[in-house]
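Here's the structure we're looking at; comments come further down.
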Amino acid sequence: MVTRYTTLITVDRLVEHLGDPSWAMVDCRYRLADLGFGRAAYAESHIAGAVFADIGDDLSGPVVPGKTGRHPLPDVAAVSAKFSAWGIDEAVQVVAYDDSGGSMAARMWWLLRWLGHDGVAVLDGGWPTWAAAGWSVRAGVEGRKVRRFVPRERPESVLTAEQVDEVRADPAWRLLDARSADRFRGENETIDPVAGHIPGAVSAPYADNLEAAGRFKSPKELRRRYLQLLDGVPADRAACYCGSGVTAAHEVLAMAYAGLGEAKLYAGSWSEWITDGSRPVAAG
C-alpha cells in the first residue's frame with residue numbers, strides 16, 4: 001500500500017524518495033521585499049531534483065489594482081498547466097518546501113488541494129533542516145518530465161469578500177487573522193495602505209504554529225491552540241485570512257495536521273478587503 005502524505009512530511013521520510021519519478025519536490029522560497037530572492041536562492045542551491053515555483057509569477061493570478069489583493073488566486077487552467085509542466089498528475093506525491101516555516105510552501109499545498117490533489121505535503125523544517133542534515137543538493141535549474149494535471153476544483157474551500165462579510169459576525173463561524181498581532185491591531189503596518197483588521201476577526205498569528213527552530217508544533221499542541229481559538233466552532237466553519245491569502249494557508253494546514261478538519265480560505269484577504277471603502281475596518 002502506497003503511503004500518501006497530505007499535511008507534513010519529515011526530512012527523513014523525504015530522503016527515502018529522492019530520485020523517485022512519482023515524487024515531485026517544489027521549492028517555494030519567497031521574499032515580498034525581494035521578489036528575485038527565491039529564484040536566485042534556488043539556482044544557487046536546492047533539494048536535488050526540485051523544481052521552482054514563484055509565489056507571485058506561478059502561484060498567483062494577475063493583480064487588478066483597486067479590485068484584487070496582492071496575490072489573487074491563479075486562473076485554474078493556467079496553474080494546472082504549471083503543475084503539468086512540473087510533472088504533477090494524480091499519481092505524484094508532491095512535497096513543497098521553503099525557508100520560512102512553511103509559510104510560503106503552504107500556498108502550493110493549498111492550491112493543489114483546492115484543485116483536488118490530496119497527495120501533497122509541506123516539508124517540516126524546510127530548506128534549513130534539509131541543508132543542515134547534509135542531504136543531497138544541486139545548483140542550477142531543473143525540470144521534470146511533463147505529466148497531465150487534471151483539476152477537480154473544490155470551490156467550497158474558498159470564501160469571497162461578500163461571504164466573509166456575511167459570516168464575520170455569525171457566532172456559528174470563526175474568522176481567523178493569520179498576520180502578526182501588531183498588524184491585526186493596526187500597528188506597524190508597512191505593507192498595506194490601510195491598517196487594522198476585519199471586524200469580528202480573532203488574532204491568530206500563523207507564526208504561533210511553529211517551534212523556535214521553525215518546525216511545526218505537535219498535533220496535540222496545535223489542536224489545543226485551535227480549539228481555544230475556534231471556541232466551539234468546527235474547523236470547516238473557520239475562515240482564515242492574512243495580508244494577501246498566502247500565509248493564511250498555514251492556518252488551514254496546521255488545523256488539518258492537528259486532525260481538526262479543513263478550514264476555509266479567504267483568498268483575497270486584507271489587501272482585497274480594503275479595496276472597497278464601504279467595507280468596515282477595525283483596529284485595536
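How about region 99-194: which GluC sites (Glu not before Pro) there are in a DSSP loop, with at most 13 other Cβ atoms within 10 Å of their Cβ?
Answer in residue order: Glu153, Glu187.
Select from Trp114, Ser22, Ala96 the residue farthest towards the positive end of the dipole of region 8-138; place +1 on Cβ of Lys and Arg, -1 on Cβ of Asp and Glu, and compute about the Cα centre.
My answer, from the dipole projection, is Trp114.
Could you quote the convex hull projected area for region 19-108, Cα atoms only and averaged over all directions, in nm²?
Its Cα hull, projected and averaged over all orientations, spans 6.3 nm².
Expressed as a whole percent, how much of the Cα-Cα distance distribution for the chain exceeds 34 Å?
Of the Cα pairs, 15 percent sit more than 34 Å apart.
What angle, in degrees between 0 and 90 and rounded to the nearest 10, separates the Cα long axis of helix 248-257 from the longest principal axis of the Cα atoms of the chain?
70 degrees
Using DSSP to define loop residues, name the GluC sites (Glu not before Pro) in region 197-273 whose beta-carbon has at most 15 other beta-carbon atoms within 10 Å.
When the GluC sites (Glu not before Pro) of region 197-273 are filtered for loop state and at most 15 Cβ neighbours within 10 Å, Glu211 remain.
Out of region 140-207, which trypsin sites (Lys or Arg not before Pro) are coil in DSSP terms and have no more than 13 other C-beta atoms within 10 Å?
Of the trypsin sites (Lys or Arg not before Pro), the ones in loops of region 140-207 whose Cβ has at most 13 other Cβ atoms within 10 Å are Lys145, Arg148, Arg152.
Work out from phi, with θ = phi - 60° and the Karplus expression 6.51 cos²θ - 1.76 cosθ + 1.60, the ³J(HN,Hα) of each residue of region 234-244, listed in order in whole Hz, and give x for Gly and Pro.
Per residue, the Karplus-derived 3J(HN,Hα) values read x, 4, 6, 10, 9, 10, 10, 9, 9, x, 9 Hz.
May I ask for the distance between the Cα centers of region 100-171 and region 186-210, given as a whole number of Å?
Answer, in whole Å: 22.
Given charges of +1 on the Cβ of Lys and Arg and -1 on the Cβ of Asp and Glu, with all other atoms neutral, how large is the dipole of region 21-172 about its Cα centre, in debye to the nearest 20?
That gives region 21-172 a dipole magnitude of about 420 debye.
Kindly state, to the nearest 0.05, the FRET efficiency for Ala43 paired with Asp231, given R0 = 51 Å and r defined as their beta-carbon distance.
Computed FRET efficiency for Ala43 and Asp231 comes out at 0.65.
Nearest 10 degrees is fine. How inclined is helix 219-230 to the longest principal axis of the chain, computing both from alpha carbons?
20 degrees
How large is ³J(HN,Hα) for each residue in region 198-208, as worked out from phi by the Karplus curve 6.51 cos²θ - 1.76 cosθ + 1.60 (θ = phi - 60°), to whole Hz, x for Gly and Pro?
Rounded to whole hertz, the list is 6, x, x, 6, 10, 6, 9, x, 4, 4, 6.
Using θ = phi - 60° and the Karplus form 6.51 cos²θ - 1.76 cosθ + 1.60, what ³J(HN,Hα) does each residue of region 139-152 get, whole Hz, x for Gly and Pro?
Each residue of region 139-152 in turn: 10, x, 10, 10, x, 10, 4, 5, 10, 10, 8, 10, x, 10 Hz.
Can you give the Kirkwood hydrodynamic radius of region 188-245 from its Cα pairs, in Å with one decimal?
So the Kirkwood estimate lands at 13.4 Å.
For Gly245, which sequence-distant residues (separation of 5 or more, or a different chain) have an amide H within less than 5 Å of its own amide H, given hydrogens modelled in the peptide plane?
Amide H to amide H, under 5 Å and 5 or more residues apart or across chains, Gly245 pairs with Trp270.
Let me spell out the model: positive unit charges on the Cβ of Lys and Arg, negative unit charges on the Cβ of Asp and Glu, origin at the Cα centre of the chain. What dipole size does that give, in debye rounded to 20?
Using only the charged Cβ atoms, the result is roughly 380 debye.
In terms of the Cα gyration tensor, with a ≥ b ≥ c the square roots of its eigenvalues, is region 155-273 rounded because a/c is under 1.5, prolate because a/b exceeds b/c, or oblate?
In terms of gyration-tensor shape, oblate.
For Arg152 and Val63, FRET efficiency with R0 = 30 Å and r from the beta-carbon atoms, rounded to 0.05?
0.65
Residues in region 111-137 near a label at His17, defined as backbone nitrogen under 13 Å from the 7 Å Cα→Cβ point?
The answer is 118-124, whose backbone nitrogens lie closer than 13 Å to the label point.
Could you name the aspartates and glutamates in cross-link range of Lys67, using Cα to Cα under 17 Å and dropping any fewer than eight places away on the same chain?
Lys67 reaches Asp75, Glu162, Asp165, Asp192, Glu272, Asp276.
Have a look at Ala258, Ala204, Ala131 and tell me which one the Gaussian network model of the chain (Cα, springs below 10 Å) gives the largest fluctuation.
Its mean-square fluctuation being the largest, the pick is Ala131.
Amide H to amide H, which residues 5 or more places from Leu210 or on other chains are under 5 Å from it, using H placed in the peptide plane?
Lys217
Take Ala213 and Ala78, extend 7 Å from each Cα along the Cα→Cβ direction, and tell me the distance between the two endpoints in nm.
Label-label distance for Ala213 and Ala78, simple model: 4.0 nm.
Where a number appears in this text, it was derived from the coordinates with a stated rule and is not lab data. Bear in mind that the values here come from a model prediction, so they are computed numbers and not experimental data. Cβ sites come from the backbone with ideal geometry, for glycine too, and all protein chains shown count toward neighbours.
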